[in-house]
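K.L.:
Structure in structure tokens, see below.
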Amino acid sequence: MDVVLFRKLTRKSILKFGEYKDVSVQQIINLGRMPYLRWIYYNIATITFTDDVLEDIFIHEEDRIPKPGTSSELHHIINKRYADKMGLYLTKSVESKRKRRKLQKLIQTNYSVNFSKRQLQAINQGK
């Protein structure tokens, strides 16, 4: 008997796989990578998102699928619908360069800031 590990991700949930390993769902939304989150929803059977996250990544009630399950055809249909609406015709190289720059900036601002004890005290006291 196999046990299916089912995960329901919230905004604060950290992805533990893929190109955005160790990045939260909210940070991926802030980067504008909703198509990646839609890909996760439609192509990975054991992962879903909370209702507010699904609305943010443009998966409405009528477009949702029963989980655990996948539907890559519906994923392509929805991505085409929103790409046509928003006019997203970026080339792959331009998009990947922008994504890399944004991700590097995000990681630098969140993970590599080392404050001294004095700097932290100053921040806490509003200076």
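Each value in this text was obtained by applying a stated rule to the coordinates, not by laboratory testing. Just so you know, these numbers come straight off a predicted model, no measurement behind them. Cβ atoms come from the backbone with ideal geometry, glycine included; neighbour counts cover every protein chain shown.
K.L.:
As I understand it, the dipole of the stretch 1-89 uses +1 on the Cβ of Lys and Arg and -1 on the Cβ of Asp and Glu, about the Cα centre. Which of ASN30, HIS75, PHE17 lies farthest toward its positive end?
P.N.:
Farthest towards the positive end: PHE17.
K.L.:
Apply 1/(1 + (r/R0)^6) to the Cβ-Cβ distance of ARG81 and THR46, taking R0 = 30 Å, and write down the FRET efficiency to the nearest 0.05.
P.N.:
E(calc), rounded to 0.05, equals 0.75.
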